[in-house]
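Take a look at the structure below.
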Amino acid sequence: MSIPTLSPLFFSTSEDLLHHIKSLQIPRSVYICDNQTQEHCFAPFFSPAQQEVLVVHHGDEHKSFEYLEWICKQLLLQSCGKETVLMNLGGGMVTDLGGFAAAVYKRGLSYMNIPTTLIGMADAAYGGKTAINCAGVKNSVGVFHPPSQVLIWDGFLQTLPEDHLRSGWAEILKMLLLFDAKLFHECTDTLTNLNNPGRFLRKALELKERVVQQDPYEQHYRKMLNYGHSIGHAIESCSGYHMSHGQAICLGMQWENHISVKCGLMTAERCRYINGRLQLLFPEVKHQWELHSLMSALKNDKKNQRGALQMTLLRDVGMAEIAISVEESIVKEVCIQMGASGE
Ligand code: GLY
């Protein structure tokens, strides 16, 4: 399997993006959209009458075996061969599902990701992770299959509601928290122009690219990027995917910082400071959690080793440690402290 080498490409206008795609002279392309990106991104920009397109229903709960099967059947019905390139136009749900379909259809097609959400641009579209959810566990079935190109035009962000944009900023803040203390402080000071991520997005991607190049298959260093995601995925699954990925990750980072304090890695003072900054992104959280649902989602986390919970935890801004074994009792204590109820 090839290691992703091509950096994401940025375009300043939709015309430049389309011109680039045309210049690739792809023999046959099939666009994968969801109903929202079909309406707001595909129809207005991509000459829909001249393109082949498959439209899935939006929402992470549809990142499923059913839709994977549906896409594969449609590709077969339309006699798509190995020369077909899937063009995934959408957020993380579309790029994860479309990427997985590309990985398994006829044992592998090439594909490109054209992210339309900030979270897709900042994280999901680049790095080769593809997946669907299974039995309520987020991204539990998938493979590494890197896109041949990731094409970014931030004009798509103009169509997004504010909560979507905030969701994307959570992944940008995660990257800055992990690797760039100065920019993290600056970014959280100036979180107003939500649909103009500019240099913060580019920096987050540059940082991600550096990590992915070093460890594309997440054997060690790439586990850094899972900071906030152990608890975050559990929160997201337990909300029935009604909470946005970014909001769940933003909470995940805060809860994991409390775990880090209890594990003796982070000081309580640094936890207060970092969590205070993260709360600027989602000041209002209205949700109730069941402890036992959170714990059962956590037990299926891909990072666990021989059944023991393992997390990436932060000591301070710019100082994370991977594969920290965490006692279940500490996780339960923090979940209760953060408002989970039950046993
Ligand atoms: N979303 C984290 C990663 O790509 O590794």
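A few comments on the model shown:
- Of the candidates 19, 40, the single residue that is within 30 Å of residue 238 (Cβ to Cβ), open to solvent by 50 Å² or more (accessible area, probe 1.4 Å) and outside any strand (DSSP E or B) is 40.
- So residue 173, is it among the hydrophobic types (A, V, I, L, M, F, W, C) and either more than 26 Å from residue 128 (Cβ to Cβ) or without any contact (Cβ under 8 Å) to a residue 60 or more places away in the chain (or both): no
- In region 139-160, the residues that are within 12 Å of the ligand (Cβ to nearest atom) and either of a type in the set (Gly, Ala, Ser) or farther than 23 Å from residue 216 by Cα (or both): 142
- Residue match in region 254-263 (condition: surrounded by 24 or more Cβ atoms within 10 Å (Cβ to Cβ), within 13 Å of the ligand (Cβ to nearest atom), in a helix (DSSP H, G or I) and not polar (S, T, N, Q)): no
Condition check ((1) open to solvent by less than 60 Å² (accessible area, probe 1.4 Å); (2) hydroxyl-bearing (Ser, Thr, Tyr); (3) modelled with pLDDT under 95) across all residues:
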site	(1), (2), (3)
6	no, no, yes
10	no, no, no
29	yes, yes, no
33	yes, no, no
48	yes, no, yes
54	yes, no, no
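- Residue count, region 125-139 (criterion: out of contact with any His (no Cβ under 8 Å at 6 or more places or on another chain) and polar (S, T, N, Q)): 1
- Within region 116-138, the only residue that satisfies the criterion of being more than 9 Å from the ligand (Cβ to nearest atom), open to solvent by 30 Å² or more (accessible area, probe 1.4 Å) and touching a strand residue (DSSP E or B) at 6+ places or on another chain (Cβ under 9 Å) is 134.
- Residue ID - nearest to residue 293 (Cα to Cα), chosen from residues in region 226-243 that are open to solvent by 10 Å² or more (accessible area, probe 1.4 Å) and within 15 Å of the ligand (Cβ to nearest atom): 233
The values are calculated or read from the model by the stated rules, or taken from the named source; none is laboratory data. Model, not experiment: these values are computed from the prediction. For neighbour counting, all protein chains shown are included, and Cβ atoms are generated from backbone atoms with ideal geometry for every residue, glycine included. Note: accessible area is taken over every heavy atom of the protein model, side chains too, but ligands, DNA and RNA are not part of it. Shrake-Rupley method; radii C 1.70, N 1.55, O 1.52, S 1.80 Å.
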